[in-house]
Amino acid sequence: VAKGNYQKALAKFTQTIALKPDFAPAYANRCLVEIELQDYTNAQRDCTEALAINPNNESAYLNRGLAHYRLGEYAAAIADYDRLLSWKPDCLEAYYNRGLARESLQQYAEALKDYDRALEVISLATKTQLAAIYNSRGSTYFSLDKYDKAIEDFDLALKSDPNHISAYYNRACACHRRGDRMNAIVYFT
């Protein structure tokens, strides 16, 4: 769906569902549109419907978990990622997203394990995906006051994607907390 055509796409998926109410991909795709429109409650509902029709719909678990996450329902998000990982144990997105939810719950040790596992199962990830994982893991280390490890991960994020703005900011914050004001200033400028 091209940006700006969300309402049109929503209408088309709704028409498809009216014509064929047991077509799980229509629910799953409408869910994506609803997430883009920040209508997380309806996104959850559509993913639940898609899963009722097809319990092995990977994207429905991922997207419902994302909707839960965006609503601050972190335990529910983790439950969806757990279900998906029970039958698809190499799902990079599930590990990464579960790590984000666990970090939000301040379950830092578990979040680190999920980020590590995401890095283990990654195969043909884009540099942007790799940078996001390293940046998130670095943020978790930062929350644990492990600034050296955080800086290592922020450096890896920047090596993967030199345009990852959050990694620059986070690295500067970690340098500052570590007492390395010079490097903090370099990364802030």
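The values are calculated or read from the model by the stated rules, or taken from the named source; none is laboratory data. Please read all numbers here as calculations on a predicted model, not as lab measurements. As a convention, Cβ positions derive from the backbone with ideal geometry for all residues, glycine included, and neighbour counts pool all protein chains shown. These accessible areas exclude ligands, DNA and RNA; they are computed on the full protein's heavy atoms, side chains included. Shrake-Rupley method; radii C 1.70, N 1.55, O 1.52, S 1.80 Å.
Using a probe of 1.4 Å, the accessible surface attributed to F23 totals some 80 Å² when neighbouring protein chains are kept in position.
Here I53 and V121 are evaluated by their C-beta separation; at R0 = 41 Å the FRET efficiency comes out at 0.90. On a per residue basis, the chain carries 54 Å² of accessible surface, using protein heavy atoms and a 1.4 Å probe.
Protein-only accessible surface at a 1.4 angstrom probe places the residues S86, S139 in the order S86, S139, largest first. With 28 Å as the limit on Cα-Cα distance, the pairs of K88/K113; K88/K127; K127/K149; K88/K149 that go past it are K88/K149.
Label segment 1-50 by shape, choosing from rounded, prolate and oblate, from the square roots a ≥ b ≥ c of the eigenvalues of the Cα gyration tensor; if a/c is under 1.5 it is rounded, and otherwise prolate applies when a/b is larger than b/c, oblate when it is not. Present the calculation step by step, with values, prior to reporting the outcome.
Numbers: a/c = 2.27, a/b = 1.23, b/c = 1.84.
Cα axes put segment 1-50 in the oblate bin.
Using a Förster radius of 35 Å, what is the FRET efficiency between Q15 and Q38 based on their Cβ-Cβ separation? Nearest 0.05, please.
Working: r = 22 Å, r/R0 = 0.63.
E between Q15 and Q38, to the nearest 0.05, is 0.95.
Phi angles of segment 15-32 translate, via the Karplus equation with coefficients 6.51, -1.76, 1.60 and θ = phi - 60°, into HN-Hα couplings of 4, 4, 5, 5, 7, 9, x, 9, 9, 4, x, 5, 5, 5, 6, 5, 4, 4 Hz per residue; Gly and Pro are given as x.
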